[in-house]
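Laboratory data are not the source of any read-out in this text; all were calculated from the coordinates shown. Since this is a predicted model, take the numbers as computed values, not measurements. Here the Cβ positions follow ideal geometry from the backbone for every residue, glycine too, while neighbour counts run over all protein chains shown.
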Amino acid sequence: MDHFTPSTDPVLNSVAWSAIVGLLPLLTFFVLLAVVRTKAHVAGAFALLVALAVGILAFKMPAGLALLSATQGGVFGAFPVLWIVVMAVWLYQVTVLSGRFEDLRRVFDVIGGGDVRLQGVLIAFCFGGLLEALAGFGAPVAITATMLLALGLPPLRAAAAVLVANTAPVAFGAMAIPITTAAGLTGLHATDIGAMVGRQAPLLATFVPLILLFILDGRKGLKDCWPAALVIGFSFAAAQFLCSNFFSYELTDIMASLVGLGAAVLFFRFWKPRGTTAARDRLGVAAEAAAAGTTPAGQGPRSARSGSVATVEAADGESLTPARTWLALFPYFLVIVVFGIAKLWKLGVDLPAALAATDVKVPWPVLHDALVGADGKPLSSTVYVFQWLSSPGTLLLITGLIVAAVYARFDDRGRFHMTVGNAVAEIGRTIFKMRWAGLTIITVLALAYVMNNSGQTVSIGVWLAGTGSFFAFLSPVLGWLGTAVTGSDTSANALFAKLQQTAGLNAGIDPNLLVAGNTAGGVVGKLISPQNLAIAATAVNLDGQESVLLRKVVGWSVGLLLVLCTIVYLQSTPVLGWMLP
C-alpha cells in the first residue's frame with residue numbers, strides 16, 4: 001500500500017474549508033445526541049461512518065488505512081480505556097456484594113457535625129469523589145443523589161448539589177482515564193498533563209463546597225457553615241495538587257477525597273455548625289425523611305428500606321464498630337497502597353520500570369508502515385501499546401481480588417455469602433451491564449483515530465490556531481462542549497486532545513497547557529450533560545423534569561467555565577505563567 005501523509009488543506013487547498021469539512025463527524029455526533037436524542041453508541045457509530053467518508057473522500061486517505069485507523073482506535077478504546085472503567089466499576093460492585101457499602105454509607109451518618117447540610121456536602125463532594133475515582137460514567141451522581149434524598153434533603157436541591165459536586169473530581173475520574181486517554185492520543189506524557197490539570201482544577205474545587213452549601217440552604221447555609229466548607233474545599237484542592245504533581249495522577253481523586261473527609265472529621269472536633277435544627281426545619285428534612293421511610297440523623301433509628309442511608313444502628317441490628325468502619329474504607333486505602341507501590345517502589349528493584357518492561361508494543365499492521373509524517377517516518381501514534389500488567393485496570397483487578405478475599409474472610413454476618421468466586425463472576429455481569437457504555441467508548445475512540453490519522457483534527461486545530469494566543473481562552477470551551485454532549489470527559493479528550501495539541505503547537509502555546517485546559521473544561525460541562533441530568537433526575541424521583549434541573553445548574557456551569565477560561569488564558573501569559581510546572 002502506498003504511503004499516506006495527512007494534509008491540512010486537502011479541500012480546495014484551503015485550511016478553512018478543510019477544517020469545516022473535518023467538523024462534519026463531530027457535528028453529526030452532537031446533533032444526533034443532543035437534538036435527535038439517539039443513544040450515544042448509535043450517534044458514535046454514525047459519526048464514525050461520516051469520519052470514514054470524510055477521510056476517504058475529502059482528505060484522500062486510502063480506504064484501507066482509514067478502516068485500519070478505526071480498528072486501532074477501537075482496540076485502544078477496549079484496552080486499556082474500557083478495561084480500566086470496567087475494573088473500577090467492578091471494585092465498587094465488590095463492596096456492594098459484600099454488604100460493606102452499606103457500612104460505608106453509614107460512616108457519613110456519624111460525621112458532619114450532626115448538620116444535614118454538611119453531611120450532604122461530604123457525601124456529594126468527598127464520597128462522590130471516591131466513586132468518581134473508581135467508577136465515573138454517572139455512577140457517582142446516581143449513588144450520591146439517592147443518599148442525599150435519604151438524608152431528607154429536597155429532591156431538586158439534592159440533584160443539583162450532586163451534579164455540581166461531580167465537577168471537582170471528573171478530570172481525574174476512573175483512575176484519571178481522561179488524562180490517560182489524552183496522553184495516548186497526543187503522545188504527550190500523562191504525568192505532565194496530570195500535573196498541569198492539578199494546577200487548574202483545584203482552583204475550582206476549593207470553592208465547590210461553598211457552592212453546594214448555597215444550593216442546599218442558600219445564604220443562610222453559607223453563613224452558618226462556611227468555615228467547614230472552606231476547610232473541606234481547601235484540603236481537597238491541596239491534596240489534588242500535591243498528588244497529581246508529586247505522587248500519582250491516577251490516585252488524585254482518591255487521595256483528595258480521603259484528605260477532604262479526614263480534614264472535616266478533625267475540624268468538627270473543634271468547631272460546630274450553627275443553626276442545625278433550624279436548617280432541618282427550613283429544608284423540611286423531617287417531612288422528606290418520613291416520606292422516604294427514614295428519620296433525620298440524630299432523631300432515632302431509620303428503617304432498613306433499600307437505598308436509604310442507615311444510621312449508627314444497622315439493618316442487621318449491629319452497631320457500626322471500628323472494625324466494620326475499617327473494612328468499609330479498606331478498598332480505598334488498598335488502592336492507594338497498590339498504586340503507590342506500582343508507581344513508586346524502587347527499593348531493591350525498580351518496580352515501575354519492571355512493570356513498564358512487560359508492555360508489548362505492536363506496530364499496527366500495514367498502518368504503521370503506510371502512515372508517515374512530513375519527514376517520511378512512521379507516526380508514533382500507529383504503535384499500539386498492550387499494557388497487560390502495568391495498566392491501571394490490571395492493578396484494580398489485583399486490588400479487587402485482595403478485597404474480595406478479605407471480605408470473604410471477614411464475612412462474619414454470614415448473610416452476604418461473599419466469596420472470591422462470587423466477586424469474579426461479577427466481572428462478567430459488570431461487562432454485560434456496561435456493554436452499551438463500552439460500545440460508546442470504542443466507537444468514539446475509533447472516530448478519534450480516524451479523524452487524527454486522516455488529518456481532519458489537524459486541519460481544525462490549524463484553523464482554530466489562527467486566533468493566536470486567544471485560543472488559550474477558548475481551549476476549555478472545547479472540553480466543556482464535548483463533555484456536555486457526551487457526558488464523558490474521556491470522550492471529550494478523545495475528540496479534542498489532538499486538536500488542542502495541534503493548535504498549541506501552531507499558536508506557540510504549551511500543548512500540555514491546552515490539553516489540560518480541555519480536560520479541566522470538561523469537568524464543568526459534565527453537570528449539564530443530558531446523560532447526567534437524566535441520571536440525577538431519576539435518582540431523586542424527578543423523572544421528566546430534566547429541564548428544570550438544567551435551569552438550576554446551567555448558570556453554575558457557565559460561570560465556572562468562564563473562570564476556568566480566564567485561568568488557562570492567564571497561565572499562557574506571564575501573569576500566571578509562574579503556576580506552570
Worksheet, complete the sentence: In degrees rounded to 10, the 0-90 angle between helix 139-151 Cα long axis and the longest Cα principal axis of the chain is 20
Item to complete: Please find the FRET efficiency linking residue 222 to residue 369, where r is the Cβ-Cβ separation and R0 is fixed at 51 Å, and quote it to the nearest 0.05.
Response: 0.25
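If packing is taken as the average number of other Cβ atoms within 10 Å across a peptide's residues, how do 221-227, 383-389 rank, most packed first? Each step should come with its number before you reach the end.
On the way: 221-227: 18.4, 383-389: 16.1.
Averaged packing, sorted descending, gives the order 221-227, 383-389.
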Worksheet item: With axes computed from alpha carbons, what is the tilt in degrees of helix 392-409 against the longest principal axis of the chain, rounded to the nearest 10 within 0 to 90?
Response: 20
Worksheet item: Can you work out ³J(HN,Hα) from phi for every residue in region 212-221, in order, using Karplus 6.51 cos²θ - 1.76 cosθ + 1.60 and θ = phi - 60°, giving whole Hz and x for Gly and Pro?
Response: 5, 4, 5, 5, 6, 9, x, 5, 5, x
Worksheet item: Which whole-Hz couplings ³J(HN,Hα) result when phi for each residue of region 28-34 is put into the Karplus expression 6.51 cos²θ - 1.76 cosθ + 1.60, θ = phi - 60°, listed in order with x for Gly and Pro?
Response: 4, 4, 5, 5, 4, 7, 8
Worksheet item: Relative to the Cα centre, what is the charge dipole magnitude of the chain, using +1 at the beta carbon of each Lys and Arg, -1 at the beta carbon of each Asp and Glu, and rounding to the nearest 20 debye?
Response: 1000
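Test of understanding: what is the full-extension gain from residue 270 to residue 326, defined as 0.36 nm times their sequence separation minus their Cα-Cα distance? Could the numbers behind the result be given before it?
Numbers: separation 56, 0.36 × 56 = 20.16 nm, distance 2.36 nm.
Stretched fully, the residue 270-residue 326 segment lengthens by 17.8 nm.
Sort 321-330, 369-378 for me by packing, meaning the mean count of neighbouring Cβ atoms within 10 Å per residue, highest on top.
Values: 321-330: 15.7, 369-378: 13.1.
Highest to lowest by the protection proxy: 321-330, 369-378.
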Worksheet item: Between residue 362 and residues 5 or more places away or on another chain, which pairs have amide H atoms under 5 Å apart, with H built 1.01 Å from N, and which residues are they?
Response: 384, 385, 386
Fill in: Distance between modelled label sites at residue 548 and residue 9, nm, 7 Å Cα→Cβ extension
5.5
Practice prompt. Pairs of lysines 8 or more apart, or on different chains, with alpha carbons under 29 Å: count those in the chain, would you?
Written response: 22
Practice prompt. Would you mind giving the three semi-axes, in whole Å and largest first, of the ellipsoid equivalent to the chain according to its Cα gyration tensor?
Written response: 41, 26, 22
Worksheet entry | Estimated [θ] at 222 nm from DSSP helical runs (n ≥ 4, -39500 (n - 2.57)) normalised by residues in the chain, nearest 500 | -21000 deg cm²/dmol
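Subtracting the Cα-Cα distance from 0.36 nm times the residue separation, let me have the gained length for residue 346 to residue 424 in nm, one decimal. List each step's numbers first, then the result.
Values: separation 78, 0.36 × 78 = 28.08 nm, distance 3.12 nm.
Result for the pair: 25.0 nm of gain on full extension.
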Discussion item. Please report the net charge: other residues with Cβ closer than 15 Å to the Cβ of residue 174, K and R +1, D and E -1.
Written reply: -3
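What FRET efficiency, computed as 1/(1 + (r/R0)^6) with R0 = 60 Å and r the Cβ-Cβ distance, is obtained for residue 360 and residue 282, rounded to the nearest 0.05?
Values: r = 60 Å, r/R0 = 1.00.
According to the calculation, E is roughly 0.50.
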Worksheet item: Sequence-distant or interchain residues sharing an amide H contact under 5 Å with residue 4, placed H: which?
Response: 371, 372
Practice prompt. Note down the relative contact order for the chain as a percent, whole number, built from C-alpha pairs under 8 angstrom at least six residues apart.
Written response: 24
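Only Lys, Arg, Asp and Glu count, each charged at its Cβ (+1, +1, -1, -1), so figure out the dipole size of region 376-496 about its Cα centre, rounded to 20 debye.
Numbers: 7 positive and 4 negative charges, 45 e Å.
With only Lys, Arg, Asp and Glu charged at Cβ, the dipole is about 220 debye.
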Worksheet entry | Whole-Hz ³J(HN,Hα) from phi, Karplus 6.51 cos²θ - 1.76 cosθ + 1.60, for region 36-52, glycine and proline x | 6, 6, 6, 5, 4, 5, 5, 4, x, 5, 5, 5, 5, 4, 5, 4, 5
Discussion item. To test your reading of the geometry: what angle, between 0 and 90 degrees and rounded to tens, separates the Cα axis of helix 252-267 from the longest principal axis of the chain?
Written reply: 30
Response to the item:
Note: residue 383 to residue 53 extended length (0.36 nm per residue) minus current alpha-carbon separation gives 116.4 nm
Worksheet item: Of the peptides 240-250, 453-463, how do they stack up when ordered by the mean number of other Cβ atoms within 10 Å, highest first?
Response: 453-463, 240-250
